[in-house]
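Participant: The following block contains the structure, expressed as structure tokens.
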Amino acid sequence: MSGEGSAPGTSPRAPRPATQKTSSTVSKKGDRGAKEKPAIVLPQVGEEEPKNPEEYQCTGSLETDFAELCKLSGYTDFPKVVTRPRPHPNFVLSTSLSEKPTVDDQRLSGSCSLNSVESKYVYFRPTVQVELDSEDKSVKEIYIRGWKVEERILGIFSKCLPPLSQLQAINLWKVGLTEKTLDTFIALLPLCSPTLRKVSLEGNPLPEQPYHKLMTLDSPVVHLSLRNNNIDDRGAQLLGRALSTLHSCNRTLVSLNLSFNHIGDEGAGYIANGLRLNRSLLWLSLAHNRIQDKGALKLAEVLRPFELDHREVVERRRLLLAKGVQERSRSPSRSRHGDSKTDREKNQLPALSSVTLDKTEKMQAAKAAKGLGKKKEKPGEVVKKEEKLGSGPSPIQGTPKKEDPAKAGKGKVTIPEQKVTKGKGSKTGSKEKRNTLLDSELAAEATEMLSPLLEPVEHRHGKVFMAGNKVLLYLNLVRNRITEVGLEGFLSTVQCQAHLLKSKSASKGPVGLLRLCLAKNLFSLPCPAYTTIQELMLPRDPISKAKAREEEALAPPI
């Protein structure tokens, strides 16, 4: 009996079915471990391409490309590309909360299954939200919110974003940027489509505050938002230098949002120094900062005529000399004596208006055709006649003269008609002359725009005054610490700009501020200075004009 009892006890132990299962599982785990080894040791960014550059070709579909590149990089769980949620146009918050079905839904949610509860938190999962074009469904904007963007993810974006030909904006909100990932992101921007113009980095504070790297001279960023980044006076100093210095100036940035930061009077002074020689920024927001009267007065000062310091005066003289040398070297020597004399007189003559140039061009075309028809062998006389007319603005007068003899007969026959019909006979020649003049004018304007120090100045008591920054159209200083003292500075600025606008109503240049926001500072609303500013800015504010037009359109007929 004992042997029989031991046999059944040993017989099940001998086969050990559990041992067989264990061995099978070990073999399976070994196989799975062998397959997962390449995914555990993830390659560095940029090391996959030399091994197999044809591994994946981007198709231009962000959803497909991003998913495939994440899988190839070893990600098993990665964010999905989804369309950015938009509220329904007929959605009303108050009525939806008061309706009974919403209460029933809340009661039912307590007894829901686990799957339905998880579905309610899909909104909070990491996603890459995109906004599509209404016509061709191409990606226009990218929104990444609330999850950490690592350098490997940026490496994936560097491959799948360049094929997006209609990409216009990238918005990164609280994505845990570091200085290294910021540099990687900045290096990614030139690879994207030329349509990319807007970058928003909000809620990404960095200790060294290197946000000025987004405002370099070769940066494609036109609209930049840096809200909620804890930017203080040190960061504002870097941003002010990026706007302009004595020898360089940013020419691409149009709008800059620095609201909800920690910029004080010193930082506002750095921003004001950047606005002295910057002529591209149109929109600036410094709302919700710590600017007081000292910083407000510095900002107001650069928006009206201000005095150039010694370094700026010296640089202005150097630029004027360089400009004169450049203009003399640019003029060709087709006629040995006439052109050089004309160029010397051209540098001494003031700039002519567009109306004067048109009249001068017509007279030059008629005189040149007449002179060439009568005395073809003496081009020097034509040059002398043009000198008498003051044909200074054209530095390349000799170019169309050699083509005019072919049309000399035509010009000779129709000289009487040219005075009546405005140059009908020499129409082609006048067009060529006009194109030549326009090209030279554009070249001169480009030379002048190299530095705002070449703008017209005014001399007062031995000091040089510049007209001030009249390019900035919008300035927001809401919720700072400005009192009536700072308001007086902005009042004088607004009055000065309004006076210049009235005195030069026919000019097509910059007009100054169109909208100035100073509400919710440390002054009372019945303040006389603030009331006067509002009255002066109201006729210039485009938003108030649009509201007035809407009210007039909606008003019932009398």
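The values are calculated or read from the model by the stated rules, or taken from the named source; none is laboratory data. Just so we're clear, the structure is a prediction, and the values are computed from it rather than from any experiment. As a convention, Cβ positions derive from the backbone with ideal geometry for all residues, glycine included, and neighbour counts pool all protein chains shown. We work out accessible area using only protein heavy atoms, side chains counted, and drop any ligands, DNA or RNA first. Shrake-Rupley method; radii C 1.70, N 1.55, O 1.52, S 1.80 Å.
Participant: Identify the residue in region 454-473 that is within 29 Å of residue 283 (Cβ to Cβ) and free of Cβ contacts under 8 Å to residues at least 60 places away in the same chain and, among all such residues, is surrounded by the fewest Cβ atoms within 10 Å (Cβ to Cβ).
Facilitator: Within region 454-473, the match that is surrounded by the fewest Cβ atoms within 10 Å (Cβ to Cβ) is 456.
Participant: Looking at (1) part of a helix (DSSP H, G or I); (2) under 29 Å from residue 454 (Cα atoms); (3) not aromatic (Phe, Trp, Tyr), can you tell me which one residue 284 breaks?
Facilitator: (1)
Participant: If I ask for residues that are under 22 Å from the mean Cα position of the chain (by Cα), farther than 29 Å from residue 134 by Cα and part of a loop (DSSP other than H, G, I, E, B), which ones from region 149-181 would you list?
Facilitator: Answer for region 149-181, where residues must be under 22 Å from the mean Cα position of the chain (by Cα), farther than 29 Å from residue 134 by Cα and part of a loop (DSSP other than H, G, I, E, B): just 177.
Participant: Can I ask one more? Which count do you get for residues in region 189-213 that are within 20 Å of the chain's Cα centre (by Cα), among the hydrophobic types (A, V, I, L, M, F, W, C) and surrounded by fewer than 18 Cβ atoms within 10 Å (Cβ to Cβ)?
Facilitator: 2
Participant: Please work out which residue is most open to solvent (accessible area, probe 1.4 Å), limiting yourself to region 253-271 and to residues that are assigned to a loop (DSSP other than H, G, I, E, B) and more than 20 Å from residue 453 (Cβ to Cβ).
Facilitator: If we take residues in region 253-271 being assigned to a loop (DSSP other than H, G, I, E, B) and more than 20 Å from residue 453 (Cβ to Cβ), then 260 is most open to solvent (accessible area, probe 1.4 Å).
Participant: So residue 523 fits all but one of (1) in a loop (DSSP other than H, G, I, E, B); (2) modelled with pLDDT of 90 or more; (3) within 29 Å of the chain's Cα centre (by Cα); what number is the exception?
Facilitator: The one condition residue 523 does not meet is (3).
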